[in-house]
Amino acid sequence: MARYDSHSVQPMPRTGATSLAPSWQGLVALLILVLPLAVRAGESAKSEEARNDANWLQAIQNAARHQSFSGTIVYQRGDEVHASRVVQVYDGVQSRERVLPLDGQPREFIRNGDEVQCLYPHLRRIVVEHSGVRAFPAFAEPLPADVLSHYSLRRQGSERVAGSMCDVVELLPRDNLRYGYRLWVEPTSGLLFKAQTLNERGAVLEQIAFTDVHVREAVDPALLKPSWSTAGWTIDRPQSKATELRQQGWSVTAPSGFHRLAEVMRHLIGEGDSAPRAALQAVYSDGLATVSVFIERDGPTPAKPEETQRRGSVTAFSRQVGDVRVTVVGEVPPATAQSIAESVVYSSPPR
Amino acid sequence: MKVDPKSEGASDGTEDAHKRVERLSAWLDGELDAPVAEPLVRELLSEKALQSKYQAWCFVGDALRSQEVAAEHSPQLCARISRALQDEPRLLAPRALSSRMRHHLASGVAVAAAMAVLVLVAVPLLRGSGSTPGVRGEPTVVGKTVPGADLASRDAGTVAAGEAHAAQQPRLDPYFQAHRDFTPEGVMPAAAIYLRSGNENER
């Protein structure tokens, strides 16, 4: 924020009345010269501000990917509260991470680069997932400048989180297609120490925060090892193969600002021992929120033609279209998920 | 709504009165079968003391409920409808009807009586002025709605929590899990993705 020092403004010495009375032609000429400069200066200030905001977002992304840290994270939605131990080690090339939920059934998530192993000891099962971008707390593919065309950034002062003063920033949606976010960023490391997802009324849908965190300290790589010996465990690798919805005859109209990240044919792993089911999945992101569209032929018969479910900020909307089940899941309001589901159209594949 | 008939019905002073109050409470809770409820409804229409109890409990139910079901009407209209209903003949079918038909008719009369109670008793209660129950008050619904009053008040108080805490349908779990596979963290840390995706225990 700019600061003004009243002592730096010195009064001009008066040299005579006539010298202070320019002709009106001179005034107009002065305005003609000065106005474009002023407008340009205003635009420059705005673009400078936008650049700063974009840089600020980019800094979070970089910090998320290139920092080592360990700490305890608390996640809350509604009356549910969950705590996890989180460790990330960045070795200069890639980051490795272990998330250890402290409540519920014992389970762990261990990431090496883009591969994530989900360990379920009570099932003696490992589910191996692959993800494009999975660094702590990073942004999706759209650039920060793209993000800011759909969210406005407002700085809201400073607050203390996990023992550190953090800058508080709100990213508020410019339309009603998406949720807003309130972020607490530790300025030295650039890491998010706390984040809230806000609905259209500004109410908190879910939030996550460090209760303790150690940054810029050596993290013992042994902390990345799983708690159990996994010898003899079943390993599931959900198969996915890149495809194009258009080639399959499908089209999806994503909301403004949502970029396509992936289109794959994949297997969905059901509950328990039920057999995997094939489905098309298209993924879109506006840089903060991500939406998946699933198109599944001959899936299990649903109880209702349409159903909606919300888990924190994630909405699932599912509808039956003939013998095809279209399901949209994402961190978007229910109306957005429904509109995406209703935009899914089948026409004959191109020849 | 559970009401202690002893405390509520103390003014009646008799065991019968206690039993009637107890039955009225059970009826409001939806725990009374139709054959038992019918005579109670008849008593409710004729006994001022029982009507008073009914009004009071409905008022409590209303106080727990949101104002969204409120509707405006005048006390005069209530009185006119009340008189008109009192003038209506009670017997709506000839005696020659079969016992089965008589049973249905009795149910119909019970429903009509309940509606009459709604108009005569409950609706004026809704209209009451803030300090005078029965003249201007909060909305109510007769019958089985009183047990739901708790729920209504709970919902009204925790909208955001309710949104975030919708009943989980395991059928959608595979989609939540699969969505996670391709979810970049956005602004939320990775742990949020693992935790928010849902029922990990079932996987």
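Here, each number is a calculation from the coordinates, and none is a lab measurement. What you are looking at is a predicted structure, and each value in this text was computed from that prediction instead of being measured. Virtual Cβ from ideal backbone geometry, glycine too; neighbours counted across all protein chains shown.
Can you work out which of the residues in the stretch A:326-344 that are assigned to a helix (DSSP H, G or I) and of a type in the set (Val, Ile, Thr) is nearest to the other protein chains (Cβ to nearest Cβ)?
A:ILE340
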Scanning the stretch A:73-106 for residues that are of a type in the set (A, V, I, L, M) and part of a loop (DSSP other than H, G, I, E, B), the one farthest from the other protein chains (Cβ to nearest Cβ) turns out to be A:VAL93
Sole miss for A:ARG311 among (1) surrounded by 19 or more Cβ atoms within 10 Å (Cβ to Cβ); (2) touching a His at 6+ places or on another chain (Cβ under 6 Å); (3) more than 16 Å from B:PHE182 (Cα to Cα) is condition (2)
Okay, strands (runs of 3 or more DSSP E) sitting entirely in the stretch A:236-319 with 2 or more residues that are facing chain B (nearest Cβ under 7 Å), I get A:259-268, A:277-285, A:290-297, A:306-311
Residue set A:ALA195, A:ALA203; condition in contact with a Pro (Cβ under 9 Å, 6 or more places away or on another chain) and within 11 Å of chain B (Cβ to nearest Cβ); output residue A:ALA195
Sole miss for A:ALA231 among (1) crowded, with 17+ Cβ neighbours inside 10 Å; (2) more than 17 Å from the chain's Cα centre (by Cα) is condition (1)
